[in-house]
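Have a look at the structure below before the remarks.
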């Protein structure tokens with residue numbers, strides 16, 4: 001039993017640490033937002049400046065009656081990691097709640113921001 005508790009504690013601690021080190025993805029290339037039952041499905045493609053990035057995800061920043069704003073985040077490689085230098089593609093997808101009045105989704109990256117109209 002103590003081993004299981006320790007494993008769960010370490011897993012939870014690493015999860016918190018992982019989110020703490022997230023940084024915005026460097027560049028956004030495309031955003032597709034599609035209305036689905038009860039919300040909006042958002043698919044994003046972009047690029048980071050080197051290899052070694054992981055766990056790309058979309059995080060809800062805020063929303064209002066007409067728009068949803070997401071951040072495109074990923075975990076950068078550790079400082080002492082040897083990685084390839086160059087533009088490396090990354091992608092993420094998420095479904096967020098959105099009412100019938102929501103008409104657009106804005107996704108923010110490090111170098112740019114892309115707004116897409118929701119396809120119905």
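What to note about this one:
- All-pairs alpha carbon distance profile, segment 22-119, 10 Å steps from 0, percent: 17, 48, 24, 9, 2
- Placing pseudo-labels 7 Å out from each Cα toward the beta carbon at residue 37 and residue 60 gives an inter-label distance of 1.9 nm.
- You can think of it this way: the chain between residue 113 and residue 83 has 8.2 nm of extra reach, that is 0.36 nm per residue less the Cα-Cα gap.
- Using the Cβ-Cβ distance between residue 49 and residue 103 with R0 set to 30 Å, the FRET efficiency from 1/(1 + (r/R0)^6) comes to roughly 0.40.
Every read-out reported here was derived from the displayed coordinates using simple, explicitly stated rules and does not represent laboratory data. All values reported here derive from a predicted model rather than from experimental measurement. Here Cβ is always computed from backbone atoms with ideal geometry, including for glycine, and neighbour counts include all displayed protein chains.
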